[in-house]
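Accompanying notes for the structure given below.
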Amino acid sequence: MVKYADNFKAMVVNEYLRGTLGYKRLAEKHGIKSKKQIIDWVNAYKKFGMEGLFRKRRHEVYSVQFKLDVLSFMKRTRFASRNSTSLRIDESFDDRCLEEEIPRGRC
């Protein structure tokens, strides 16, 4: 997946909004593989403004306690087994893993 610079996306969106070229021609002009990419940028701009074009650079860091709470919730509600996720928690899940191993990075 190709990542485009924020200022490049803004330039392409502004060019589209000026009405000089359509999605397909803009994609060809700027070497963008698909006009769908430009459509997505324009829609993001219309919905969120310039912020919609910016990549999310924030990487969330969750505390160990938060992770333990999520796993506990998933076990109590059997959330993971009802949804198609890569994480499966079933009867064989050991609470000791929550209490002892995760803080040490073993689970």
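The values are calculated or read from the model by the stated rules, or taken from the named source; none is laboratory data. Because the structure is predicted, anything quoted here is derived from the model rather than measured. Heads up, the Cβs are rebuilt from the backbone with ideal geometry, glycines too, and the neighbour counts pull from every protein chain shown. Each accessible area value is taken on the protein alone, full model and side chains, heavy atoms only, with ligands, DNA and RNA left out. Shrake-Rupley method; radii C 1.70, N 1.55, O 1.52, S 1.80 Å.
Cross-link partners of residue 47 among lysines, defined as those whose alpha carbon lies under 27 angstrom from its own and excluding same-chain residues fewer than eight positions apart: 3, 9, 24, 29, 33, 35, 36, 56.
Sorted largest first by accessible area at a 1.4 angstrom probe radius, with every protein chain in place, the residues 55, 76 fall in the order 76, 55. The residues 33, 75, 47, 67, sorted by heavy-atom accessible surface at 1.4 Å with ligands and nucleic acids left out, run 33, 47, 67, 75 from largest to smallest. In the stretch 1-70, which GluC sites (Glu not before Pro) fall in coil by DSSP and have 16 or fewer other Cβ atoms within 10 Å? Listed in order of number, the matching sites are 60.
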